[in-house]
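Rule-based calculations on the coordinates, nothing more; no lab input. These figures come from a predicted structure and were not determined experimentally. Cβ: placed from backbone, ideal geometry, glycine included. Neighbour counts: every protein chain shown.
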Amino acid sequence: MQSFPIKLNPELPSPLYRQLADAFRDAVSTGLLKQGDTVPTTRKLSETLGVSRQTVISAYELLVSQNVLQTSSSGTTVLSSPDVLTSQPELPSVGLSQRISVFAKRACQLGEPSELEDFSTGAPPISQFPIKLWRRQLAKHALRNSELLQPSQDSFGLRPLRDAIAKYLGRAQGIACSGEQISIHSGGHPALEFIVKLLIDPGDRVVVEDPGNAGSRRIFSAHQAQLVPVPVDSDGIIVEQLVAIDEETKLLFISPSHQQPTGAVLSPSRREALLHWANERDVIIVENHYDSEFRYTSRPMPALLGSDNQRVIYLSTFWKVLGPVVRNGFTVLPKELIPIAKSLRQVAERDALSLIEQHAMADFIDDGDLERTIKRNKTVYLERRNVLIAALAGRLAKHVYFSKEAAGLHQYVRFDNFKEQSEILELARKASLPLIPIDSYYLNPRVSNEYVVPFAQMTPEEITDSVQSFTEGFFS
């Protein structure tokens, strides 16, 4: 945190970002900031100082280039100690941060990603990754010669992998599609970024769930889409409020099989009404197949794509099954869009994955290893989820509410007003219970006393101990 005075004077010839960088350098040199200290986020410091966030970003970039600060997934910290700092000549600033594109500036203005957008949140534990099977597939294809390792001529990715995914979708989701319709990407976000580049112009209206996926909203906003939030309840998006939208809508982004973050599943009657609305209004649907491979109390819900293959674009990833080792994602496109999308792939994320990895993934699916991994891991995650719910329900009784659907690697919970959110979060921190508020998942963030608990990386014993410690403080 900031623990030293910062005075910025816009009347001076030196730019504000240089003045701010000098203030940090002075604080390090005098020992007010020490090696390893965490500095404020760019958003927080810009609000504190009353300057633009870009000013703070430029100052931090300069300090990183001078080895005064370093950035990581956990934040920005002081890198240099005073003696190292004073021995280094100050590097000249070339002002490159002032020459970034309009798109980059918009992305910067969207602020820091929330904790829920962190790749580590809700990730599967590395202990559940089938490392031996995956290593064997990689080794097999790394040793193969000649034509198998020639660069792919198809901008959508390796055809055997796309065919394998199409067959898997038929078995697991009841989706009738061909490998021709599938486009391979390096992850879920790159796949959505590609869809947005394909379909969205500045000012286009995009309907999103509220609360809904915060990372996808950032992508839409960076491309200047106009977001239209529609509330979600225990049966998914409220279609009656979709019907009430008067303005022309280009696209609907929805997670019908396991809504993020509430876990709601779109009911059959709402599915039918939603598809009718989309057809009547000529709206394209992007179906985000999020986290629903792990469904614990019933078979996976059928995909919207199975009901309308002309209007629905299906988006998915293997992240929740094989992450963080294999993050590749894919889209299933309507046939009408394939020629245009292939042309776009020539300039947008061409050759997203190594050819060896694509061959390995194709065999991993065709040999049944993917589905065996899902089946094996489902047993592990179900036990952890059951322990979490039983422990919380047994000790908090009527003070806690759970989503009615059982799926995914995190559990949605809501507490009543017995405790304030700040108190609940402090109790969770002390108990090492990964309780994350979903306030930022609403388009207009609010204090809702709703949370997700990513349980997959905790053992049953760890869950029991953390919940016991958490609930003991709940009633103190």
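Shape analysis of the stretch 126-368 yields a ratio of the Cα radius of gyration to the Kirkwood radius, Rg/Rh, of 0.97.
Counting other C-beta atoms within 10 Å, which of Arg295, Arg395, Arg217 has the fewest, and how do the rest follow? Each step should come with its number before you reach the end.
On the way: Arg295 19, Arg395 16, Arg217 23.
If I rank by nearby Cβ atoms, fewest first, I get Arg395, Arg295, Arg217.
Legend: residue pairs Lys34/Lys430; Lys398/Lys419; Lys132/Lys320, Cα-Cα distance threshold 22 Å; pairs beyond threshold, Lys34/Lys430.
Between amide H atoms placed 1.01 Å from N, distances below 5 Å from Ile313 occur with Ile285, Val286, Glu287, all of them 5 or more places distant or on a separate chain.
Here Cys177, Cys108 are placed in order of increasing Cβ neighbour count within 10 Å, fewest first, which gives Cys108, Cys177.
Compared with the dominant principal axis of the Cα atoms in the chain, helix 53-65 is inclined by about 80°.
Express in whole angstrom the spacing between the alpha-carbon centres of the stretch 233-297 and the stretch 301-333. So the two Cα centres are separated by 15 Å.
The packing ranking of peptides 396-406, 10-20, highest mean first, is 396-406, 10-20, where packing means the average number of other beta carbon atoms within 10 angstrom of each residue. Relative to the longest principal axis of the Cα atoms of the chain, the long axis of helix 131-142 makes an angle of roughly 80 degrees. Residue by residue, the stretch 158-173 carries 3J(HN,Hα) couplings of 4, 5, x, 5, 5, 5, 5, 5, 4, 5, 4, 4, x, 6, 8, 10 Hz when phi is fed to the Karplus relation 6.51 cos²θ - 1.76 cosθ + 1.60 (θ = phi - 60°); x denotes Gly or Pro.
Think of each Lys and Arg Cβ as +1 and each Asp and Glu Cβ as -1; about the Cα centre, that makes the dipole of the stretch 372-474 roughly 540 debye.
Suppose the chain between Asp465 and Ile374 were pulled fully straight at 0.36 nm per residue; how much longer would it get relative to their current alpha carbon spacing? Don't skip to the end; give the middle numbers.
Working: separation 91, 0.36 × 91 = 32.76 nm, distance 2.72 nm.
So the chain would gain 30.0 nm between Asp465 and Ile374.
Summary of the geometry: the stretch 379-408 and the stretch 58-75, compared by the centres of their Cα atoms, lie 41 Å apart. Across the chain, counting alpha-carbon atoms alone, Rg and Dmax equal 24.5, 70 Å. In degrees, nearest 10, range 0 to 90: what is the angle between the Cα axis of helix 188-199 and the longest Cα principal axis of the chain? It is inclined by approximately 80 degrees.
Each label was represented as a point 7 Å from its Cα along the Cα-to-Cβ direction; for Asn279 and Gln346 these points are 3.6 nm apart. Once the Cβ-Cβ distance between Leu382 and Ile6 is put in as r, and R0 is 35 Å, what FRET efficiency do you end up with, to the nearest 0.05? In this case the efficiency is close to 0.10.
Return one quarter of the surface area of the convex hull spanned by the alpha-carbon atoms of the stretch 280-342, equal to its mean projected area, in nm².
On the way: hull surface 22.8 nm².
Averaged projected hull area, Cα only: 5.7 nm².
Which pairs, out of Lys105/Lys197; Lys378/Lys404; Lys197/Lys404; Lys105/Lys335, put more than 26 Å between their alpha-carbon atoms? Violating the 26 Å limit, Cα to Cα: Lys197/Lys404; Lys105/Lys335.
Go ahead and estimate [θ] at 222 nm for the chain from helices alone: -39,500 (n - 2.57) per DSSP H run with n ≥ 4, summed, over the residue count, rounded to 500.
Details: 17 runs with 193 residues, N = 476.
Per the formula, -12500 deg cm²/dmol.
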